[in-house]
Amino acid sequence: MTRIAIAWLGVAAAGAASAQTNLNSSSAEVQVLPVQGNVYLLAGAGGNITVQAGQSGILVVDTGSPEMTGTILAAIRKLSDKPVRYIINTQVDADHTGGNENFAKAFGSATTVSVVNTPGSSASQTVQIFAHDNVLARMSARNGTQPARPDTAWPTETYIGDAKELYFNGEAVLMYHMPAAHTDGDTIVHFRGSDVVSAGDLLDMTHYPIIDLQRGGSLQGVIDGLNRILDIAVPAHHEEGGTYVIPGHGRICDEFDVVEYRDMVTIIRDRIQALIKKGMTLEQVRAARPTGDYDPEYGVGSSAWTTDRFVEAAYRSLVGKR
Amino acid sequence: MSRLRPVEKVTLWLVPGLLWAALAGFSARAQVLLSGDWQTLMHEDQPERAQGPDLGDYLGIPINDAARLRAESWDASRLTLQEHQCRVHVAPYIYRGPLQVRIWEEKDPETQQAIAIKNYISTYEQTRTIWMDGRPHPSAYAPHRFMGFSTGKWEGDVLTVETTHLKQGWLRRNGPPESDQTTLTEHFIRHGQYLTHVTIIHDPVYLTEPLIRTENFVMAARDPGNWLWPCEYVVEITNRPKGEVPNYLPGENPFLTEFAARWGIPVEATRGGAETMYPEYRLKLKTLAKPPSKPGAAK
């Protein structure tokens, strides 16, 4: 019996794959919320996880934090006993890709399972990990700037250019590259039949958008990405409902919520740009508090992504410094 | 008592007073009905609610500095963006405009117990559900709505409603924001053919104190019609760059003093804040410099 088969039996029998694959588990609560059509949100496991469940199996967008994998799989088992066939990574950060390796252990990794000339084995018995090629570059240290992740965590199917298509569970799954946004490897995913967009960290309802300059992000790229989401989204009635958008963190949104977030980021860009044109230094821009009206909602003083760091990243992005 | 903030003093008297008035006639009789078509009465706060407030008039709103900055950067041209053209007034605001409200109850067919009280609001064709069956409010991860998620209970003859999961909105139609973390408490109080609606807005992001407002309605004897509010967004500004969001940079909004000049009110007062809600503020007003009136100023 192959390792994959053992893992699948474990999933089916135990309701989670943790028994056979020794996956990490956490007692933290993971909430499962139906979004629309085939799509669900798993929240509370690090970054938000989007789950598409249907007759063909399970597709997840992002895999959360590694210590949460057991809990995540148990939550997925409440939706379906089908195997996880596809993972799409919206970007490289550990809170969105941290579970890749555990998922690969549970469902079979295309990087470690020989699918060529192996009777009874095929690519369909592994989990395929999709991402933009820049995500693989970051994980595999192709460019030498980041420590390598285990190869079982790497994307197995990357794309270059603007988009990648997949058809799964009776609907088109469209991946769009958002260049130079949160990072240089961001993907948003549109489930065209269910009419749900998984936005990754382009949209973060818990704080200002993270602009990772070291990984090719930019303020304008974030704004362009948000506007791209607005191009895709169609409200059902008076700016409400219709297309739903799952952010990288925080609650389920629709177009109007993205509009308000886009407006906020754009207005802050306009202010910082105006201060730069006046010749202000970063410290002078900070002192001018260009985010003052949005700080009570999106500002953070003590976490890893503080308001000061956001303003600094926005400033450096606009003046072209890294 | 002296340690209470002013709004708490007002609430201490206003809310029990309204409740007492409603409860005075209450005895062991059937529950009051709110069902019917109600037409708004605009006698209260009429200029703000009908033609709309002046730009830069934040008087009487307990906003904080962040809300004030955001309001001052607000540009009415933002409403020409397609994504803003059909935006709905959120539940704490929508009852203030010109509107009609149809109220009816949905009952369990087996028990005839109320499952929900529904409101159809003509403005933006909004159907609002006030759940009466004791269900909990949704997860914090659930979507927010313009009408939010509401649960209600009868307190005597007063329907008290608690609403969460609201979208971002505004406190007044000239820019003071209301955040999506706002919660709303309402009281629906029927006096014969009249209905008083009390809203108490709690916004931990933009308000320093709760904002309490009221509106009145009268029962329609005939179907008032005009129940529809179709909205189709169109391109209004043809040469606007993609992604542009109209806004005023801090300190560059040229319209913020118009209201003060028109009515001879100190500019400081027009910036709003909790103290401008209370009668005591009139004493402070006398100490503030008034702006020079402009031609066409109101008498």
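The values are calculated or read from the model by the stated rules, or taken from the named source; none is laboratory data. The structure presented is a predicted model; accordingly, all values stated were derived computationally and were not measured. Virtual Cβ from ideal backbone geometry, glycine too; neighbours counted across all protein chains shown. Please note that ligands, DNA and RNA were not included when accessible areas were found on the heavy atoms of the full protein model with its side chains. Shrake-Rupley method; radii C 1.70, N 1.55, O 1.52, S 1.80 Å.
A:Ala236 fulfils the conditions (1) at the interface with chain B (Cβ under 10 Å from one of its Cβ atoms); (2) of a type in the set (A, V, I, L, M); (3) open to solvent by 10 Å² or more (accessible area, probe 1.4 Å) except for a single criterion, (1). Residues of the range B:197-209 include at least one that is open to solvent by less than 20 Å² (accessible area, probe 1.4 Å), touching a helix residue (DSSP H, G or I) at 6+ places or on another chain (Cβ under 6 Å), farther than 27 Å from A:Thr291 by Cβ and more than 10 Å from chain A (Cβ to nearest Cβ).
Looking across the range B:68-87, the residues that are facing another protein chain (nearest Cβ under 7 Å) and in contact with a strand residue (DSSP E or B) (Cβ under 9 Å, 6 or more places away or on another chain) come down to B:Arg70, B:Ser73, B:Cys86, B:Arg87.
From the list A:Gly225, A:Gly221, A:Gly242, A:Gly248, which one is over 16 Å from B:Arg87 (Cα atoms), of a type in the set (Gly, Ala, Ser) and out of contact with any Leu (no Cβ under 8 Å at 6 or more places or on another chain)?
On the way: A:Gly225 fails: out of contact with any Leu (no Cβ under 8 Å at 6 or more places or on another chain); A:Gly242 fails: over 16 Å from B:Arg87 (Cα atoms); A:Gly248 fails: out of contact with any Leu (no Cβ under 8 Å at 6 or more places or on another chain).
Just a single option satisfies the conditions, and that option is A:Gly221.
Pairs linking a residue in the range A:281-305 that is in contact (Cβ under 8 Å) with a residue 40 or more places away in the chain to a residue that is surrounded by fewer than 17 Cβ atoms within 10 Å (Cβ to Cβ), with Cβ atoms under 6 Å and 6 or more positions apart or on different chains, are A:Val300/A:Thr306. Set side by side, the residues A:Thr291, A:Thr243 differ, and just one is within 26 Å of A:Val51 (Cα to Cα) and modelled with pLDDT of 95 or more, which is A:Thr243. For residues in the range B:235-254 being within 9 Å of chain A (Cβ to nearest Cβ) and among the aliphatic types (A, V, I, L, M), which is farthest from A:Tyr261 (Cα to Cα)? Applying the filter and picking the extreme gives B:Leu249. Counting the residues of the range B:172-193 that are open to solvent by less than 20 Å² (accessible area, probe 1.4 Å) and within 14 Å of chain A (Cβ to nearest Cβ) gives 7. Looking only at the range A:220-233, residues that are crowded, with 22+ Cβ neighbours inside 10 Å and under 26 Å from A:Gly320 (Cα atoms) come to 5 in all. Please tell me if B:Arg128 is modelled with pLDDT of 95 or more, touching a Phe, Trp or Tyr at 6+ places or on another chain (Cβ under 9 Å) and within 14 Å of another protein chain (Cβ to nearest Cβ). Here the answer is yes, as B:Arg128 does meet what is asked. Screening B:Pro109, B:Pro98, B:Pro136 for residues that are under 17 Å from the mean Cα position of the chain (by Cα) and surrounded by fewer than 19 Cβ atoms within 10 Å (Cβ to Cβ) leaves exactly one candidate, B:Pro98.
Evaluate the range A:203-212: report whether one residue or more is more than 25 Å from B:Arg145 (Cβ to Cβ) and open to solvent by less than 20 Å² (accessible area, probe 1.4 Å). Full working, then the answer.
Restricting attention to the range A:203-212, the residues satisfying the condition of being more than 25 Å from B:Arg145 (Cβ to Cβ) are A:210-212.
Pick out the ones that are also open to solvent by less than 20 Å² (accessible area, probe 1.4 Å) and you get A:211.
Among the residues of the range A:203-212, at least one is more than 25 Å from B:Arg145 (Cβ to Cβ) and open to solvent by less than 20 Å² (accessible area, probe 1.4 Å), which makes the answer yes.
Of the residues making up the range A:308-322, those that are at negative phi, out of contact with any Ser or Thr (no Cβ under 6 Å at 6 or more places or on another chain) and either of a type in the set (S, T, N, Q) or without any contact (Cβ under 8 Å) to a residue 12 or more places away in the chain (or both) number 2. The set of residues in the range A:264-296 being assigned to a helix (DSSP H, G or I), farther than 18 Å from A:Ile223 by Cβ and at the interface with chain B (Cβ under 10 Å from one of its Cβ atoms) consists of A:Asp295, A:Pro296. Number of residues in the range B:245-256 that are more than 24 Å from the chain's Cα centre (by Cα), open to solvent by 30 Å² or more (accessible area, probe 1.4 Å) and in contact (Cβ under 8 Å) with a residue 12 or more places away in the chain equals 3.
For A:Gly250, state whether it is more than 9 Å from chain B (Cβ to nearest Cβ) and either within 21 Å of A:Tyr176 (Cα to Cα) or open to solvent by less than 30 Å² (accessible area, probe 1.4 Å) (or both). Against the criterion (more than 9 Å from chain B (Cβ to nearest Cβ) and either within 21 Å of A:Tyr176 (Cα to Cα) or open to solvent by less than 30 Å² (accessible area, probe 1.4 Å) (or both)), A:Gly250 does not qualify. Within the range B:201-228, residues that are closer than 13 Å to B:Asn64 by Cα reach partners that are open to solvent by 70 Å² or more (accessible area, probe 1.4 Å) with beta carbons closer than 7 Å, at six or more positions or on different chains, in the pairs B:Asp203/B:Gln181; B:Pro204/B:Gln181; B:Val205/B:Gln181; B:Glu209/B:Arg5. Remark: pairs (first residue in the range B:66-95, free of Cβ contacts under 8 Å to residues at least 60 places away in the same chain and open to solvent by 10 Å² or more (accessible area, probe 1.4 Å); second residue in a helix (DSSP H, G or I) and hydrophobic (A, V, I, L, M, F, W, C); Cβ separation under 9 Å; 6+ apart in sequence or on different chains) = B:Arg87/A:Phe256; B:Arg87/A:Val259; B:Arg87/B:Leu79.
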